[in-house]
Amino acid sequence: MNEEKYIHYTKILRQTALKAGEKIMEIHSHGFEVNYKDDKSPVTIADQAAEKIILKDLKKITPQIPIIAEESVSDGYIPKVDTVFWLVDPLDGTKEFVARRNEFTVNIALIENGIPTFAIVYAPALGTLYTAKNTNVATLQNVIDLKTLQQEQIIKVRDIPKEGISAVASKSHRDQETNDLLEKYKVTNILSIGSSLKFCLLAQGKADFYPRFGPTMEWDTAAGHAVLNAAGGTVTHPDGSPYLYNKPHFKNGAFIATGKMTL
């Protein structure tokens, strides 16, 4: 039954992500105002329009499952959740979006018993869509003209290359703890990129290590976490304990994401 459920979600929500991405790119091309929330993070009409599209489809296919979505939470709507709920970030990487960079994503993730089990991460400006079809299969698809999904490719984390470890670090958020850890593991190459694409680079075997000590919210990480898990990677607390969801106020602590690298 679970497999049938995930197949159903995959079929519908890939199209949902494409619709949200098309709306985001339409706004991106026409121009937009930038407002700021109480926590000083930016928000645009693209965040709000994309979330509206995603929520409509989620409520249609799973009316019984509560949804924690970034803009709804910002507006004060925080439904009570139990063991199963959706986490939605309609436009992850708003800073990149505002700066006219391409590294922003649509994030949709299903949480079951604290674990992200299914997810979609779509980067409309890059034409790439990642799916955690379940906890064991992750795929990548190219998207043509914001509408057409190409054939899916199974993605897996890579073995550590002989030339050394590559790490991914945030473009907008880098701190000294992160820099110290990168130095500790003698990282030979650092890729800077925004949004949940950091997890996806590990998942498709382009990097090995992504430490994050700065603040994030659960909707920032859940979809990328699911894709990385499904590709054979892991996300843990710095002490190695499992990284679970439905934390108080949906606030994340520090985490370390890895492919096949052992800490």
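Taking the criterion of being modelled with pLDDT under 95, more than 11 Å from the chain's Cα centre (by Cα), of a type outside the set (S, T, N, Q) and under 14 Å from D220 (Cα atoms), would at least one residue in segment 110-120 satisfy it?
Step one: of segment 110-120, the residues modelled with pLDDT under 95 are none.
No, because not a single residue in segment 110-120 is modelled with pLDDT under 95, more than 11 Å from the chain's Cα centre (by Cα), of a type outside the set (S, T, N, Q) and under 14 Å from D220 (Cα atoms).
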Is it true that some residue in segment 158-175 is out of contact with any strand residue (DSSP E or B) (no Cβ under 8 Å at 6 or more places or on another chain) and among the hydrophobic types (A, V, I, L, M, F, W, C)? yes
Evaluation of G232 against (1) assigned to a loop (DSSP other than H, G, I, E, B); (2) in contact with a Ser or Thr (Cβ under 9 Å, 6 or more places away or on another chain); (3) not aliphatic (A, V, I, L, M) (one fails), failing number: (2)
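When you look at L182, is it hydrophobic (A, V, I, L, M, F, W, C), free of Cβ contacts under 8 Å to residues at least 60 places away in the same chain, in a helix (DSSP H, G or I) and in contact with a Leu (Cβ under 6 Å, 6 or more places away or on another chain), yes or no?
On the way: hydrophobic (A, V, I, L, M, F, W, C): yes; free of Cβ contacts under 8 Å to residues at least 60 places away in the same chain: yes; in a helix (DSSP H, G or I): yes; in contact with a Leu (Cβ under 6 Å, 6 or more places away or on another chain): no.
Criteria not met by L182.
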Would it be correct to say that Y130 is touching a Cys at 6+ places or on another chain (Cβ under 7 Å) and aromatic (F, W, Y)? yes
Members of segment 1-35 found to be modelled with pLDDT under 95 and under 15 Å from F104 (Cα atoms), listed by number: K23, I24, M25, E26, I27, H28, S29
Name the residues in segment 62-77 that are surrounded by 14 or more Cβ atoms within 10 Å (Cβ to Cβ) and either at pLDDT below 95 or in a helix (DSSP H, G or I) (or both), would you? E70, E71, S72, V73, S74
Suppose we keep only residues that are in a loop (DSSP other than H, G, I, E, B) and polar (S, T, N, Q) within segment 235-260. Which one would you say is surrounded by the most Cβ atoms within 10 Å (Cβ to Cβ)? N246
Just the residues that are in contact (Cβ under 8 Å) with a residue 60 or more places away in the chain, of a type outside the set (A, V, I, L, M, F, W, C) and under 19 Å from K133 (Cα atoms), please, taken from segment 12-34. R14, T16
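Return yes when E96 is touching a Ser or Thr at 6+ places or on another chain (Cβ under 7 Å), within 25 Å of L149 (Cβ to Cβ) and in the same structural domain as N136 (by TED's automatic domain parsing) and no when it is not. Lay out the reasoning, then the answer.
On the way: touching a Ser or Thr at 6+ places or on another chain (Cβ under 7 Å): yes; within 25 Å of L149 (Cβ to Cβ): yes; in the same structural domain as N136 (by TED's automatic domain parsing): yes.
So E96 fits the description; yes.
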Going through segment 185-227 in order, the residues found to be among the aromatic types (F, W, Y) and assigned to a loop (DSSP other than H, G, I, E, B) are Y185, F213
Within segment 184-215, work out how many residues are surrounded by fewer than 24 Cβ atoms within 10 Å (Cβ to Cβ) and over 21 Å from A132 (Cα atoms). 12
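The values are calculated or read from the model by the stated rules, or taken from the named source; none is laboratory data. Source: prediction; values computed, not measured. No Cβ is skipped: glycine too gets one built from the backbone with ideal geometry, and neighbour counts run over all protein chains shown.
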